[in-house]
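**Student:** Before anything else, here's the structure in question.
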Amino acid sequence: MDPLTPPHAAPLPPPIRRIAVDRSPTTVAAPAAATNGHGHGQPSGIVGGGRHAQRAGRAGVERMRLEDLSISYGRKLAVNRVSLPVRQGEVLALIGPSGCGKTTLLRSLNRLIELTPTASREGRIMLDDQDVDRMEVTHLRRRVTMVFQQPNPFPMSIFDNIAYGLREQGSSRPRREELEPQVIDALERAGLYGEVSENLDHPALRLSGGQQQRLCIARALAVRPEVLLLDEPASALDPRSTARIEDLLVKLRDEVAIVIVTHNLQQAFRIADHVAFMYLGELEEYAPTDQMFGAPRTQRSRDYVSGAFG
Ligand SMILES: Nc1ncnc2c1ncn2[C@@H]1O[C@H](COP(=O)(O)OP(=O)(O)O)[C@@H](O)[C@H]1O
Ligand SMILES: [Mg+2]
């Protein structure tokens with residue numbers, strides 16, 4: 001077997017194809033409020049495998065909280081009164097059909113949405129009990145960093161890509177030797193150091209797509225954020241690079257809260273601890289992953305996770 005494929009990825013059944021729809025789904029007790037941090041459902045028995053044992057009973061520490069968040073572009077409502085917790089210690093996956101507001105929601109968390117002139121926002125976003133609107137925006141964006149769908153390394157060396165954010169941080173310009181330990185640490189945490197340790201001065205753009213994306217993750221981690229946002233980070237990558245990134249995110253969730261947008265239901269199933277299913281800007285359902293795929297509460301969630309519409 002390909003040594004780079006994490007063991008959990010190999011035998012995993014495609015859960016969404018195995019849900020029987022010709023009978024009522026097993027109902028499990030609804031998790032207590034979606035917001036209390038302890039609402040993990042029981043694995044339903046319909047799905048099973050690698051990650052389940054690990055994620056059952058995980059209860060992370062809340063880092064961010066969205067309260068009644070609404071976002072419009074001009075008069076068009078893109079996100080409608082969404083409330084959600086974001087916790088360290090778990091991966092939160094945002095799923096839903098194209099155009100349902102996933103990217104818009106994600107970009108609001110570190111106020112990147114403000115770069116879109118027509119966008120306006122209502123509701124509160126709290127980071128460690130501080131309103132993000134009251135925070136200095138560059139400070140916020142160091143605490144809540146983002147990785148995009150297309151890897152976007154800067155046209156500079158591997159080393160300088162990672163050092164960039166660190167240099168921005170300080171008032172004086174630190175020397176390379178001072179930054180090196182942090183650069184190496186970030187590359188290690190992103191699972192890339194072993195492949196580039198001899199080539200730190202090579203242009204980042206010479207790396208493969210999967211390596212470039214891990215470099216972008218390293219760059220996002222270098223400033224020691226509390227929350228890492230990823231918008232379809234693997235959708236431009238081959239399956240092997242995708243598996244590496246999935247594995248990495250599961251490892252990182254204990255040190256940083258992770259929110260990932262994915263259109264790939266199996267990816268959400270493999271790596272998420274909680275899933276938020278959005279539909280036409282609304283939060284249709286928020287549930288522990290096992291419940292979302294095994295016993296979703298609403299008919300629309302059932303249809304979506306069973307692949308009835310995309
Ligand atoms: N910059 C923008 N200006 C106007 N409308 C936008 C803009 N970006 C997204 N939208 C609209 O907002 C809705 C949500 O989009 P988006 O957040 O990108 O959804 P998703 O990521 O789920 O595909 C869609 O109807 C989309 O057309
Ligand atoms: Mg999107």
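Readers should treat all values here as calculations from the given coordinates under stated rules, not as data from a laboratory. Since this is a predicted model, take the numbers as computed values, not measurements. Every residue, glycine among them, receives a Cβ derived from its backbone with ideal geometry; neighbour counts consider all protein chains shown.
**Student:** Can you tell me which of 160-170, 146-156, 96-106 comes out highest on packing, and rank the rest after it, using the mean Cβ neighbours within 10 Å?
**Tutor:** Details: 160-170: 18.3, 146-156: 16.6, 96-106: 20.0.
Sorting 160-170, 146-156, 96-106 by mean packing, highest first, produces 96-106, 160-170, 146-156.
**Student:** Got a sec? Charge dipole of segment 209-306, +1 on Cβ for Lys and Arg, -1 for Asp and Glu; which of Ser301, Ala236, Tyr286 is way out at the positive end?
**Tutor:** So the residue we want is Ala236.
**Student:** Quick one: which of 280-290, 134-144 comes out on top by average Cβ neighbours within 10 Å, and what's the full order, highest first?
**Tutor:** Working: 280-290: 22.2, 134-144: 15.4.
Descending packing order for the listed peptides: 280-290, 134-144.
**Student:** Ignoring solvent entirely, what values of log10 I(q)/I(0) come out of the Debye formula for segment 71-125 at 0.24, 0.27 Å⁻¹ when each Cα is a single scatterer?
**Tutor:** Summing over Cα pairs of segment 71-125 leads to -1.05, -1.27.
**Student:** Rank these for me by crowding, Val86, Val196, going from fewest to most other beta carbons within 10 Å. Intermediate results must be reported in sequence, preceding the final value.
**Tutor:** Numbers: Val86 25, Val196 18.
Going from least to most buried by this count: Val196, Val86.
**Student:** I would also like to ask the following. Taking other Cβ within 10 Å of each residue's Cβ, how do Glu198, Glu232 sort, fewest first?
**Tutor:** Working: Glu198 7, Glu232 20.
The fewest-first ordering by Cβ neighbours comes to Glu198, Glu232.
**Student:** Placing +1 at every Lys and Arg Cβ and -1 at every Asp and Glu Cβ, with all other atoms neutral, what dipole size does segment 216-310 have around its Cα centre, in debye to the nearest 20?
**Tutor:** Details: 10 positive and 14 negative charges, 39 e Å.
Approximately 180 debye in magnitude.
**Student:** Still on this structure, I have one more. Can you pull the one-decimal nm distance between simple spin-label points at Glu168 and Asp238, each 7 Å off the Cα toward Cβ?
**Tutor:** Using points 7 Å along Cα→Cβ, the separation is 3.2 nm.
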